[in-house]
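Trainee: The structure under discussion is supplied below as structure tokens; questions concerning it will follow.
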Amino acid sequence: MKKFLVLGIGNPLLCDDRAGIEVVEEIVREGLPVDTEILYTVGFEVIDKVLGYESVIVVDASKLGHSPGTIVQASLDDIFNTHALVNSHAITLGTTLKTGYMLFPDEMPSSLRIILIEADIIDHFSDQCTPKVKSSVNKVVKIIKEHFAVC
């Protein structure tokens, strides 16, 4: 198995929806010794990216009703059991990961964390996050660096 992956999800053209992408770009710039991937979807491509890793951190923007820039860390239990993160009528990150664990239990990560950054503006074209979300991007990078320093 491969060791560590940081997977950023988002749309690079939409203001705060790009938060997960910006986290991964900063991880790469800082040279953290982990694999990195960027996806523009929460579809089944997520499963392909995380298969075969021991430990994965997924970073994405969210609209859960918190103040913009709020960082929410979710576990597998959270995404499998929280209505806002799992939806039977559409493909969500929770639905995708649950499917992966059902179909490939021995190949999915034994450790998977989801870090969500509450977005402010996700429906305007921009190549930059709003200031509150950008500040949270930097905080998430620090969280990830601390996490992998103890692994």
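The values are calculated or read from the model by the stated rules, or taken from the named source; none is laboratory data. Computed from a predicted structure; not experimentally measured. Using ideal geometry, Cβ is built from the backbone for each residue, glycine included, and neighbour counts are taken over all protein chains shown. In case anyone asks, the SASA skips ligands and DNA or RNA and just uses the protein heavy atoms, side chains included. Shrake-Rupley method; radii C 1.70, N 1.55, O 1.52, S 1.80 Å.
Trainee: Taking only protein heavy atoms and a 1.4 Å probe, what accessible area per residue, in Å², does the chain have with all protein chains in place? Write down the numbers at each step before the final one.
Mentor: On the way: 7730 Å² over 151 residues.
On a per-residue basis, 51 Å².
Trainee: Now, a different point. Roughly how many whole Å is it from the C-alpha centroid of the stretch 34-78 to that of the stretch 95-115?
Mentor: Value for the Cα centre distance between the two parts: 11 Å.
Trainee: Less than 15 Å Cβ to Cβ from TYR101, Lys/Arg counted +1 and Asp/Glu -1: what total charge do the surrounding residues give?
Mentor: Values: positive: LYS49, LYS98, ARG113; negative: ASP48, GLU54, ASP77, ASP78, ASP106, GLU107.
Local net charge: -3.
Trainee: Please compute the Kirkwood hydrodynamic radius over the chain, one decimal place, Å, based on all pairs of different Cα atoms.
Mentor: The Cα-based Kirkwood calculation yields 15.3 Å.
Trainee: Of the accessible area of the chain, with the probe set at 1.4 angstrom, what percent is carbon plus sulfur?
Mentor: Values: 4160 of 7730 Å².
Roughly 54 percent, rounded to a whole number.
Trainee: A further question follows. Per DSSP H run of n ≥ 4, the term is -39500 (n - 2.57); total these for the chain, divide by its residue number, and report the mean residue ellipticity at 222 nm rounded to 500 deg cm²/dmol. Write out the running numbers ahead of the final one.
Mentor: On the way: 5 runs with 54 residues, N = 151.
Taking each H run of at least 4 residues, the total per residue is -11000 deg cm²/dmol.
Trainee: Could you pull the Cα extents of the stretch 1-83 along its three principal axes, largest to smallest, in whole Å?
Mentor: Answer, in whole Å and largest first: 37, 31, 20 Å.
Trainee: To continue, here is another question. Quick one: which of LYS49/LYS98; LYS2/LYS98; LYS63/LYS132; LYS2/LYS134; LYS98/LYS145 span more than 24 angstrom between C-alpha atoms?
Mentor: Numbers: LYS49/LYS98 14 Å; LYS2/LYS98 21 Å; LYS63/LYS132 14 Å; LYS2/LYS134 30 Å; LYS98/LYS145 26 Å.
Pairs exceeding the cut-off: LYS2/LYS134; LYS98/LYS145.
Trainee: So, counting K/R as plus one and D/E as minus one, what does the shell of residues with Cβ under 15 Å around ILE79 add up to?
Mentor: Details: positive: LYS98, ARG113; negative: ASP60, ASP77, ASP78.
Charge balance in the 15 Å sphere: -1.
Trainee: Taking the dipole about the Cα centre of the stretch 1-59, with the C-beta of Lys and Arg at +1 and of Asp and Glu at -1, give me whichever of TYR53, TYR40, PRO12 is farthest to the positive side.
Mentor: Final value for the positive-end residue is TYR53.
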